[in-house]
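Here is the structure we will look at.
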Amino acid sequence: MKKVMMIALMVFICSFTFAKTPPKAVADAFMKKFPTATKVTWGVEGPKEWEAEFTIDGEKISANFNENGTWLETEKKIKAANLPKAVQAAVNKKYSDWKIAEADKTETAKHGTIYEVDLKKGMKSKSLAFKEDGTSVNE
């Protein structure tokens, strides 16, 4: 019986993992929010969350929606040099010997605009998030 349950669970998980068509509510909300998006691809971000990756004006962007079509966040990569000065200062103050590997500007329903920074130091890595004024955000 356990074996049958495990197989059923794996089939269920795989059906969501490889799904590429979001629910109508999600697709409609996406088109309303990003009517000029091109090269749209969909993936499942979690059990009740969908992520669209797309292009607008040559920029690659991703946006997440819950299964009911509620927008959760929009994220785009930025250069570390384009981080707000307060965010750069906050990172340099506590992590001066770490290298910024990646930076993102993220608009969220929960926190407003935040800046996410992925840091590297040798084999170690760390992800941090800040408001524009350099205040740390716990996601």
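The values are calculated or read from the model by the stated rules, or taken from the named source; none is laboratory data. Since this is a predicted model, take the numbers as computed values, not measurements. FYI the Cβ positions are ideal-geometry reconstructions off the backbone, even for glycines, and counts take in every protein chain you see. The area values use the complete protein model at the heavy-atom level, side chains included, leaving out ligands, DNA and RNA. Shrake-Rupley method; radii C 1.70, N 1.55, O 1.52, S 1.80 Å.
Observations on the model:
- Residue list for region 60-69, filter: under 15 Å from the mean Cα position of the chain (by Cα) and of a type outside the set (A, V, I, L, M, F, W, C): K60, S62, N64, N66
- Filtered by the rule that a residue be farther than 20 Å from N64 by Cα and aromatic (F, W, Y), region 90-139 gives Y95, W98.
- Subset of region 81-112 (residues that are among the small types (G, A, S), touching a helix residue (DSSP H, G or I) at 6+ places or on another chain (Cβ under 9 Å) and either open to solvent by less than 40 Å² (accessible area, probe 1.4 Å) or under 24 Å from T36 (Cα atoms) (or both)): A103
- Output for region 57-70, where each listed residue is closer than 16 Å to E107 by Cα and open to solvent by 30 Å² or more (accessible area, probe 1.4 Å): E59, K60, N66, T70
- Residues (among the hydroxyl-bearing types (S, T, Y), under 20 Å from I61 (Cβ atoms) and modelled with pLDDT under 95) located in region 92-139: T108
- In region 113-137, the residues that are open to solvent by less than 40 Å² (accessible area, probe 1.4 Å) and not in a strand (DSSP E or B): G134, V137
- Filter result for G43 (surrounded by 11 or more Cβ atoms within 10 Å (Cβ to Cβ), under 18 Å from the mean Cα position of the chain (by Cα) and either at positive phi or in contact (Cβ under 8 Å) with a residue 60 or more places away in the chain (or both)): no
- Condition check for K39: under 16 Å from D104 (Cβ atoms) and in a strand (DSSP E or B): no
- Filter pass, K39 being of a type outside the set (A, V, I, L, M, F, W, C), out of contact with any helix residue (DSSP H, G or I) (no Cβ under 7 Å at 6 or more places or on another chain) and under 27 Å from K24 (Cβ atoms): yes
- Any hit, region 74-86, residues being in contact (Cβ under 8 Å) with a residue 40 or more places away in the chain and assigned to a helix (DSSP H, G or I): yes
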